[in-house]
1. Please name all residue pairs, on different chains or six or more residues apart, with Cβ atoms under 8 Å, provided the first residue is in the range 27-55 and is open to solvent by 50 Å² or more (accessible area, probe 1.4 Å) and the second residue is among the basic types (Lys, Arg) and modelled with pLDDT of 95 or more.
2. Among (1) at pLDDT below 95; (2) crowded, with 16+ Cβ neighbours inside 10 Å; (3) small (Gly, Ala, Ser), there is one condition residue 73 misses while meeting the rest; what is its number?
3. Could you tell me which numbered condition residue 124 fails, if it satisfies all but one of (1) within 10 Å of the ligand (Cβ to nearest atom); (2) buried (at least 17 other Cβ atoms within 10 Å of the Cβ)?
4. Could you say which residue among 109, 102, 136, 115 is at pLDDT below 95 and of a type outside the set (Ser, Thr, Tyr)?
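The values are calculated or read from the model by the stated rules, or taken from the named source; none is laboratory data. Only a predicted model underlies this, so the values are computations on that prediction, with no experimental measurement involved. Every residue, glycine as well, gets a Cβ built from its backbone with ideal geometry; the counts of neighbours run over all protein chains shown. The protein model used for the area step is the full one, side chains on, heavy atoms only, and it has no ligands, DNA or RNA in it. Shrake-Rupley method; radii C 1.70, N 1.55, O 1.52, S 1.80 Å.
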Amino acid sequence: MKSRIVKIFMIVFATTAFLILVNAQGVQEWIVPAKFKTMKNPTSASKENLANAKDLYSKHCKSCHGSTGLGDGTKAASLDATCGDFSTAKFQVQTDGEVFFKISEGRGKMPSFKKTISDDNDRWMIIYYLRSFKSK
Ligand code: HEC
């Protein structure tokens, strides 16, 4: 009898500890290596590049991040993770290099796009489109 109570207690304890850990990971700061932070965007914000960026965003990002970057895409609700909000100052203060690192590497439910969008310049261009979501 006593050992059964101990067992139940241990299971509850382990489950709680696990959930706390998983949760903490969700809010953990995303560390970007220093060399990316200072990287300059090698592409320009030309009309043509912006149009390309918008196409790439619609194809690869919109389903989760939403058409205006708020993180409310059709897939977002079923993700069990928050996608962030591109309109916030907190997002926009990041350098292009930091954003490039995140798009390239991914984390958790955010896919890595190094292979899917294999041209580095395409991943750099998308950043201009993300900048257009900045709230006034
Ligand atoms: C399957 C859903 C999904 C898709 C598709 C997706 N993302 Fe994400 N994205 C996420 C999630 C979830 C996070 C939050 C990840 C985290 O913080 O661990 C995220 C985070 C990010 C971040 C970091 C946000 C911040 O606050 O710093 C950037 C930048 C980003 N995504 C860009 C993109 C771009 C660009 C594309 C398309 C090329 C894309 N994402 C496609 C789910 C997605």
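1. As it stands, the answer is 30/102; 30/107, since those pairs meet every condition given.
2. (1)
3. With (1) within 10 Å of the ligand (Cβ to nearest atom); (2) buried (at least 17 other Cβ atoms within 10 Å of the Cβ) applied to residue 124, the lone miss is (1).
4. Details: 109 fails: at pLDDT below 95; 102 fails: at pLDDT below 95; 115 fails: at pLDDT below 95.
Just a single option satisfies the conditions, and that option is 136.
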